[in-house]
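See structure below.
Laboratory data are not the source of any read-out in this text; all were calculated from the coordinates shown. The structure presented is a predicted model; accordingly, all values stated were derived computationally and were not measured. Neighbour counts are summed over all protein chains in view; Cβ atoms, including those assigned to glycine, are modelled from backbone coordinates with ideal geometry.
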Amino acid sequence: DLISADQRIRSKFHEKAHSGCLKALTCSGQYLASGSTDETIKLYNLQDHTEIGTLVQHEGTITDLLFFGSSHLVSASEDQTICIWGCGGNWDCLHVLKGHKGKINAISIHPSGKLALSVSKDKTLRMWNLLTGRISYVNNLKQVAELVVWNPVGDQYVIAYETSVSVYDVQSGSVTQNISIGKHINAIQYVQEKILAIGSEFPAIQLYSVTTGKCLQKLEGHTNRVKALVMAPGNTFLFSASSDGTIRAWKMSENLAECSCVSQVDTKSRPTCMTLSSLGVKVDLTASNAQQSDESKSSKVKGDSKSRKRKLEQKSETEGTHVSCSD
């Protein structure tokens, strides 16, 4: 288990995944997907630690990745498109959603799986009907939104701008709360239905009430900016990755004053993104960047049988871009 009896997080394997900086990671069941500035999506099997192959469709940096269940993978890119992929088999690109006029910064899938939100450099929020692949709603924003996330029950969502967040009510479509923190926001994550964790250029993770807009608690321990936040299933643990090189596990409580760091690990790198898997032994996956280079593009799934089933290296890499896993 990720939090074992001795409260340790241990590195399980490392992989030199991409030729560019990793920008997105997502997990579902046995599958892990990573997206990069090299414009590709890499796929891995977490059961046997093998590489499945590479998805090539986008013509720009992969900015966000999300699985919905075990059936579909959704990817967003600087090329202004969103792709929906069928999981397993040939990993076909089923739909390409077009409409944005600028780089797509983030996407979020409604808990029902029927809707998705996307925000872009074009200063719009778009709501997509995933059943039809069509735009159902466009909201023109006053500034560029960088992040978007649904709350756990799907009746509210949050948009993050550079230094502030806005909370929207789905039924009315109106803003119910604005929260300004004064520093660049890197990550947002609901930890309870009405409590939002914000990771920013501040080293402390800030927990805000989306009802009152007040900061209820600060989780202190990191010594540099917080780059990623992920909530474990069951809302018991919050995981954070920081530019100080560490991943921390925070035990959460309804009484926020009782939240505390119960485990940490120094990755010896600068994490850029993170995701969690609950497949068997829970696995914590982080991506770090050390080097970028250009790579030629193609127009279909790449990887022969050998590369798709290549065993991931068990030793640590010291150069390049890695996917590192710990349990």
How big is the shadow of the Cα convex hull of region 125-183, averaged over all directions, in nm²?
4.6
Using only C-alpha positions, report the orientation-averaged shadow area of the convex hull of region 129-225, nm², one decimal.
6.8
Region 33-111 pair-distance distribution - Cα-Cα, 5 Å bins, rounded %
3, 15, 28, 27, 16, 7, 2, 1, 0
Just the Cα atoms of region 11-73, one point each, no solvent: what log10 I(q)/I(0) does Debye give at q = 0.12, 0.13, 0.20, 0.29 Å⁻¹?
-0.27, -0.32, -0.75, -1.38
Computed over the Cα atoms of region 1-140, the Rg and Dmax in Å are 15.9, 50
Once amide hydrogens are built 1.01 Å from N within the peptide plane, the residues lying 5 or more places from S242 or on another chain with amide H under 5 Å from its amide H are K227
Spelling out what I want: for every residue of region 243-255, take phi, set θ = phi - 60°, compute 6.51 cos²θ - 1.76 cosθ + 1.60 (Karplus), and round to whole Hz; glycine and proline get x.
5, 6, x, 9, 10, 10, 10, 10, 7, 8, 8, 4, 7
Can you pull the percent of Cα pairs in region 226-273 with separation above 14 Å?
49
With a Cα-only, solvent-free Debye model of region 162-290, what are the log10 I(q)/I(0) values at q = 0.09, 0.12, 0.17 Å⁻¹?
-0.25, -0.45, -0.87
May I have the pair-distance distribution P(r) for region 69-167, computed from all Cα-Cα distances with 5 Å bins from 0 and rounded to whole percent?
3, 13, 25, 25, 19, 10, 4, 1, 0
Would you mind pulling out the separation of the Cα centroids of region 173-244 and region 28-81, in Å?
25
From the phi angles alone, apply the Karplus equation (6.51, -1.76, 1.60; θ = phi - 60°) to region 26-43 and give each ³J(HN,Hα) in whole Hz, x where the residue is Gly or Pro.
8, 10, 7, x, 8, 9, 10, 10, 10, x, 9, 5, 7, 6, 10, 10, 9, 10
Simple SL model, points at 7 angstrom along Cα→Cβ for N90 and E162; separation in nm is 4.6
Under 5 Å between amide hydrogens, which residues at least 5 positions from Q80 or on another chain qualify, with H placed 1.01 Å from N in the peptide plane?
I104
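After finding the eigenvalues of the alpha carbon gyration tensor for region 202-252, what semi-axes result from the square roots of 5 times each, listed largest first in whole Å?
Over the Cα atoms of region 202-252, the semi-axes work out to 19, 15, 8 Å.
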May I ask you to evaluate 6.51 cos²θ - 1.76 cosθ + 1.60, the Karplus curve with θ = phi - 60°, for each residue of region 90-107 and list the ³J(HN,Hα) values in order in whole Hz, giving x for glycine and proline?
8, 6, 5, 7, 7, 8, 10, 8, 10, x, 5, 10, x, 3, 8, 8, 6, 9
